[in-house]
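The values are calculated or read from the model by the stated rules, or taken from the named source; none is laboratory data. Treat the numbers as computed from the prediction; the structure is a model and nothing was measured. No Cβ is skipped: glycine too gets one built from the backbone with ideal geometry, and neighbour counts run over all protein chains shown.
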Amino acid sequence: MTDSFLEGLSKRLREHVVVLASEIGCRSLTSAPASLELAAAYIEHKFNEFGFAVDKQEYDVELLSQESHEERNGTVVFPKVKHLTRNIIAEIKGSHFPEQIVVIGAHYDSVYDCPAANDNGSGVSALLELASYFADTKLSTTVRFVAFTNEEPPFFHTDKMGSYQYAKLCHERQDRIVAMLSLETIGYYSDSPGSQSFPNPLLRLICPDTGNFLLFLANLKSKSLLRRALKSFRAAGMIPSQGIALPEFVSGVRFSDQDSFWRFGYPALMVTDTANYRYPHYHDKQDTPEKLNYEKLAEVLQGLIKVVEELSSSS
């Protein structure tokens, strides 16, 4: 891949993040449902633009009304209101092994009152550009690009997470998912020593204390997938990477959509810049587009392209 390709990719990644984090902003079903819908519409529009026939998985979420209430026996009661929300799916059907499925996912919602450029505008921008790159490519296995709703609190680790709803549906249909990659905050890098922290002191023996690498995080059952993904990513030779397989009880291991797939027995990884263990603006109002390194994000994409190519070649 040429320098001009990376330059164009960096520009497009920035454009996606600016739309999501600046033009749309906070994207939460609880505090900004209209903005969450705008983000969904943007993703769907882009998938259509790339030539995909978009599928949607819609489901209802009950929330307390923020606009109306009633009084019962001297107590103020807020009625529950149903909100329709959705995952957005673009699929490339495999030419040789269509029953084998690789899922690439990223959540498009944000935490309350946060523009969410890195968490998770960076992941969504990567998802869109991967879909664009592979849109006209023949792949041996089926590849699905899925934008998940409702990853953030109050839905986190509940059955209302978009990724849980989707993994559950795949399980019920007996879909044969051979790999899932969760793209989660992948836009911030630092060459300063001490810029990387860890949830567990033991990890200091494995990972460097300079936050300039991409982390592939697996549970113990996904070690084989981890090895394949790391080998492919490192073959691109663009940006440092680390890979760790840990028990699910270790703090931080279950902190994204890959956990939903683990719950149904699917092999899955989180791909991340380590979020709050590196990024100083995690989950606050300063998580804005200018904080991200789009040149590094483009290099990450170059590596992820190699990962998807390898995972989708056969299994």
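Quick notes on this structure:
- Cβ-Cβ contacts under 9 Å between residues 6 or more apart (or on different chains), taken from a first residue in the range 131-156 that is closer than 17 Å to Y108 by Cβ to a second residue that is among the charged types (D, E, K, R) and part of a helix (DSSP H, G or I), are listed as A131/K46; S132/R12; S132/K46; S132/E49; A147/E44; E152/D119.
- Test: D159 is at pLDDT below 95, surrounded by fewer than 22 Cβ atoms within 10 Å (Cβ to Cβ) and over 18 Å from V54 (Cβ atoms): no
- Members of the range 182-227 found to be surrounded by fewer than 17 Cβ atoms within 10 Å (Cβ to Cβ) and over 19 Å from R278 (Cα atoms), listed by number: L220, K221, K223, S224, R227
- Test: S232 is hydroxyl-bearing (S, T, Y), closer than 26 Å to E309 by Cβ and under 19 Å from the mean Cα position of the chain (by Cα): no
- Qualifying positions in the range 1-52 - more than 19 Å from F145 (Cβ to Cβ), of a type in the set (D, E), at pLDDT 95 or above and loosely packed, with under 14 Cβ neighbours inside 10 Å: E7, E23
- Selection of the range 171-200 for residues being more than 27 Å from R14 (Cα to Cα) and under 21 Å from the mean Cα position of the chain (by Cα) yields H171, D175, R176, I177, V178, A179, F198, P199.
- Extreme residue, farthest from L84 (Cα to Cα), among residues of the range 124-182 that are part of a helix (DSSP H, G or I) and charged (D, E, K, R): E129
- Every condition in (1) within 24 Å of Q302 (Cβ to Cβ); (2) in contact (Cβ under 8 Å) with a residue 40 or more places away in the chain; (3) not in a strand (DSSP E or B) is met by S260 except one, and the failing one is (1).
- The set of residues in the range 235-256 that are under 12 Å from K306 (Cβ atoms), of a type in the set (S, T, N, Q) and over 18 Å from the mean Cα position of the chain (by Cα) is empty.
- Test: D55 is touching a His at 6+ places or on another chain (Cβ under 8 Å) and free of Cβ contacts under 8 Å to residues at least 60 places away in the same chain: no
- In the set (1) within 20 Å of Y166 (Cβ to Cβ); (2) not in a loop (DSSP other than H, G, I, E, B), the condition left unmet by S35 is number (1).
- The one condition in (1) in contact with a helix residue (DSSP H, G or I) (Cβ under 6 Å, 6 or more places away or on another chain); (2) among the small types (G, A, S); (3) at pLDDT 95 or above that A236 fails to fulfil: (3)
- Test: residue in the range 246-261 that is modelled with pLDDT under 95, surrounded by fewer than 17 Cβ atoms within 10 Å (Cβ to Cβ) and among the β-branched types (V, I, T): yes
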